[in-house]
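A quick write-up on the structure given underneath.
The values are calculated or read from the model by the stated rules, or taken from the named source; none is laboratory data. Remember, it's a predicted structure, so these values are computed and weren't measured experimentally. Using ideal geometry, Cβ is built from the backbone for each residue, glycine included, and neighbour counts are taken over all protein chains shown. These accessible areas exclude ligands, DNA and RNA; they are computed on the full protein's heavy atoms, side chains included. Shrake-Rupley method; radii C 1.70, N 1.55, O 1.52, S 1.80 Å.
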Amino acid sequence: MKLSLLPLFLFAAISSASPTAFTPQDKTLLVKESVATPHRWTRLGRAPSDHSIRLRIAILQHDFSGLEKALYEISDPDHHRYGAHMSKEEVEKFIAPNSTSLAFVDGWLASYGFQGSDLTRSPAKDWVSVTLPLHIAEQMLGTEYYMWQHTSGDVLVRTTSYQLPRYLHEHIELVQPTTMFTRPKGGVLHPERSAPMTSVNPITPLTKPHVDPSCATSVTLSCIMQLYNAVGYKPRATKKNAIGITGFLNEYANIRDLAAFYRDQLPAAVNSTFEAVSVYGGINNQTSAAGEEANLDTQFAFGIAYPTPGIFWSTEGTPPFVPDGRTVVDTNEPYLDWLDYILNSHQIPQTISTSYGDDEQTVPFTYARRVCQRFAELGCRGVSVLFASGDGGVGDGDSEPATQQCYTNDGKHTRRFIPGFPASCPYVTAVGGTTNIPEISASFSGGGFSDYFARPAYQHKAVSAYLDKLPHKTYDGLFNRAGRGIPDVSAQSRRFQIVWQGERILIGGTSASTPAFAGLVALLNDARLAAGRPALGFLNPMLYKHGAHALNDIVVGSNPGCGTSGFNATQGWDPATGLGTPDFRKLLDVVV
Ligand SMILES: *[C@@H]1O[C@H](CO)[C@@H](O)[C@H](O)[C@H]1NC(C)=O
Ligand SMILES: *[C@@H]1O[C@H](CO)[C@@H](O)[C@H](O)[C@H]1NC(C)=O
Ligand SMILES: *[C@@H]1O[C@H](CO)[C@@H](O)[C@H](O)[C@H]1NC(C)=O
Ligand SMILES: *[C@@H]1O[C@H](CO)[C@@H](O)[C@H](O)[C@H]1NC(C)=O
């Protein structure tokens with residue numbers, strides 16, 4: 001049926017004056033996606049029918065697997081294409097939808113009156129979005145939207161199922177927000193400012209002679225440089241190189257705090273600042289309270305990479321939100337807006353650090369896959385993309401308070417470890433956390449195995465070696481042995497000394513380790529560019545090939561969670577600290 005219908009529509013398209021606006025007659029709706037009643041959410045009443053919602057539609061890309069193949073070739077240090085990064089247009093050629101898909105989707109939207117400037121498209125046209133009143137979305141998707149309340153009080157407008165005309169199923173991968181019940185964390189932060197500096201946990205005696213003893217109680221820029229063997233490196237490619245920090249959820253990076261931080265820890269940088277870039281109306285408000293996350297990220301990433309130029313993107317969009325009728329537009333998690341923006345740029349900073357995440361299972365698989373694929377686009381463009389692995393050990397904070405157990409939210413409520421997303425995407429570098437000197441795994445270091453993404457070839461050897469060592473039947477059923485292992489690497493993650501609202505505070509989490517690691521990656525990119533070579537781009541294939549020589553293997557500690565003692569840090573890769581922490585000089589030898 002499907003096959004015999006298609007040529008007919010194509011014929012209609014060819015013979016009509018406007019080839020992009022035709023609509024097949026068969027409007028039969030079939031369920032595209034449905035989810036179980038989400039755990040911890042209660043359905044309230046119907047959402048107001050004039051409530052405004054911004055639907056994002058992901059259209060089938062014609063050759064993502066071609067793009068993925070290219071990504072792995074240009075990121076493999078032993079491949080002849082290593083470093084041959086692609087232009088915006090080259091990337092878009094792979095992922096653009098074919099003309100049939102575009103015409104069908106456009107025809108469908110036009111039949112509801114949406115065309116031209118009503119539609120916003122991603123650069124490759126593989127995403128289209130439209131803002132419309134809820135009652136029209138309900139007609140188009142054959143569904144009813146309700147207000148849903150989370151146990152925390154947050155309210156979302158969502159549905160547990162939506163439909164699409166039969167003929168669109170093979171052209172549209174997903175429409176959101178529909179079934180997505182995520183609550184992106186306001187930074188995967190682990191504040192430690194309530195702990196006075198003298199009463200932190202017992203410290204292992206220092207054995208690294210070149211590291212200042214104070215680094216055991218308070219981690220400064222200088223501690224990172226000492227511990228990771230980067231003291232004295234002088235950036236030379238500051239006209240070409242840059243490092244970017246993403247800011248979401250109204251987290252503002254404060255410039256006065258950065259200056260105070262530099263006065264304290266890096267006087268040479270005191271007159272320097274960063275470029276704040278507004279994405280879709282995001283602001284970097286200097287009069288309202290600074291964000292701890294944004295301050296931490298910018299102070300450490302920019303401080304380590306100094307004088308490499310720093311960019312802070314502030315992206316508007318703060319779900320969850322309370323639907324109060326006409327004033328708010330319901331939206332997804334804000335990564336997509338930022339991705340639209342950045343992938344539309346011709347020049348992208350070579351290193352980008354993000355310290356935000358969701359529980360993987362709260363992001364519908366189709367959505368997670370398409371967001372993940374956009375990180376592959378960044379890798380192809382020559383960008384090193386780093387994400388925090390999360391701060392809940394194997395649980396990422398989703399445990400039941402009473403039992404400390406973690407459960408699936410697929411309606412079956414079975415015990416399961418909860419990996420974090422986007423860290424679980426195989427095209428990003430996930431950064432876990434360590435503490436102490438000598439280093440051990442931080443107990444909160446997010447780690448484990450993706451339930452969505454299969455283990456990529458680049459980590460197969462390292463991850464299988466770990467799994468082979470696990471005692472028989474360990475955590476059977478709690479994790480996906482065939483999944484992408486997290487994290488890839490790690491770095492110090494506790495007691496980072498930053499300035500926030502004019503005061504020195506201590507703060508931590510993989511929110512700290514990620515910008516610290518990224519700062520060092522920016523310096524490696526500096527060395528590559530100064531040597532006239534391309535930037536590093538997607539790091540993982542290189543890290544898994546050479547990490548054993550160029551990273552400090554962490555072999556003590558674990559990341560308990562979900563009522564278990566979690567995974568142990570072991571020799572080689574492990575799902576608590578990944579391959580280990582950086583040794584900058586050794587990495588330098590590998591990359592230049
Ligand atoms: C476009 O993609 C759809 C969905 O995979 C496929 O059915 C169709 O044959 C393709 N059309 C062209 C012109 O390649
Ligand atoms: C910063 O600027 C002030 C005022 O212009 C100047 O006196 C000072 O030397 C500068 N500091 C550095 C480290 O460049
Ligand atoms: C910045 O924050 C201040 C204080 O919260 C507020 O009064 C002001 O309206 C904000 N500015 C913008 C542009 O939102
Ligand atoms: C972690 O190490 C402890 C002590 O050696 C051991 O008893 C436990 O089984 C290990 N756990 C895992 C998951 O490997």
Can you name the condition, by its number, that E73 falls short on among (1) in a helix (DSSP H, G or I); (2) touching a His at 6+ places or on another chain (Cβ under 8 Å); (3) within 13 Å of ligand 1 (Cβ to nearest atom)?
(3)
Being under 17 Å from H39 (Cβ atoms) and either of a type outside the set (D, E, K, R) or touching an Asp or Glu at 6+ places or on another chain (Cβ under 7 Å) (or both) narrows it down to one residue among T143, T178, T131, T159; which is it?
T159
Looking across segment 261-276 at residues that are open to solvent by less than 60 Å² (accessible area, probe 1.4 Å) and away from ligand 3 (no atom under 16 Å from the Cβ), the single one that is nearest to the chain's Cα centre (by Cα) is F274
Go through segment 77-150 and tell me which strands (runs of 3 or more DSSP E), entirely inside it, have 2 or more residues that are open to solvent by 50 Å² or more (accessible area, probe 1.4 Å).
119-121
Within segment 537-545, does at least one residue satisfy the condition of being among the small types (G, A, S) and either assigned to a strand (DSSP E or B) or touching a helix residue (DSSP H, G or I) at 6+ places or on another chain (Cβ under 7 Å) (or both)?
yes
Flagged in segment 238-256 as open to solvent by less than 10 Å² (accessible area, probe 1.4 Å) and under 22 Å from R528 (Cα atoms), in numbering order, are N241, I243, G244, I245
Test of understanding: among T362, T351, which residue is at negative phi, among the β-branched types (V, I, T), touching a helix residue (DSSP H, G or I) at 6+ places or on another chain (Cβ under 6 Å) and in contact (Cβ under 8 Å) with a residue 24 or more places away in the chain?
T351
Qualifying residue in segment 227-234 (condition: more than 16 Å from ligand 2 (Cβ to nearest atom), assigned to a loop (DSSP other than H, G, I, E, B), open to solvent by less than 30 Å² (accessible area, probe 1.4 Å) and of a type outside the set (D, E, K, R)):
yes
Search result, residues across segment 44-76 that are closer than 22 Å to T120 by Cβ and surrounded by fewer than 13 Cβ atoms within 10 Å (Cβ to Cβ):
D50
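Condition check ((1) assigned by TED's automatic domain parsing to the domain that holds S222; (2) farther than 20 Å from V385 by Cβ; (3) touching a Leu at 6+ places or on another chain (Cβ under 6 Å)) across all residues:
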| position | (1), (2), (3) |
| --- | --- |
| S443 | yes, yes, no |
| G446 | yes, no, no |
| P456 | yes, no, no |
| S464 | yes, yes, no |
| D468 | yes, yes, no |
| L478 | yes, yes, no |
| A491 | no, no, no |
| R494 | no, yes, no |
| W500 | no, yes, no |
Inspect segment 46-61 for any residue being part of a helix (DSSP H, G or I) and either modelled with pLDDT of 95 or more or among the basic types (K, R) (or both) and give the result as yes or no.
no
Test: residue in segment 197-205 that is within 27 Å of Y356 (Cα to Cα), in contact with a strand residue (DSSP E or B) (Cβ under 7 Å, 6 or more places away or on another chain) and modelled with pLDDT under 95:
yes
Failed condition for P541, given (1) closer than 16 Å to G390 by Cα; (2) open to solvent by 10 Å² or more (accessible area, probe 1.4 Å); (3) assigned by TED's automatic domain parsing to the domain that holds K473; (4) in contact with an Asp or Glu (Cβ under 7 Å, 6 or more places away or on another chain), with all others met?
(1)
Tell me which residues, restricted to segment 416-452, are surrounded by fewer than 24 Cβ atoms within 10 Å (Cβ to Cβ) and not polar (S, T, N, Q).
I437, P438, I440, D451, Y452
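Yes/no per residue for (1) open to solvent by less than 10 Å² (accessible area, probe 1.4 Å); (2) under 17 Å from N241 (Cβ atoms); (3) within 16 Å of ligand 2 (Cβ to nearest atom); (4) modelled with pLDDT of 95 or more:
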{"position": "L258", "(1), (2), (3), (4)": "yes, no, yes, yes"}
{"position": "S278", "(1), (2), (3), (4)": "no, no, no, no"}
{"position": "G281", "(1), (2), (3), (4)": "no, no, no, no"}
{"position": "A289", "(1), (2), (3), (4)": "no, no, no, no"}
{"position": "A301", "(1), (2), (3), (4)": "yes, yes, no, yes"}
{"position": "A305", "(1), (2), (3), (4)": "yes, yes, no, yes"}
{"position": "F312", "(1), (2), (3), (4)": "yes, yes, no, yes"}
Restricting segment 549-592 to residues that are under 25 Å from the mean Cα position of the chain (by Cα) and open to solvent by 50 Å² or more (accessible area, probe 1.4 Å), the residue that is farthest from ligand 4 (Cβ to nearest atom)
D553
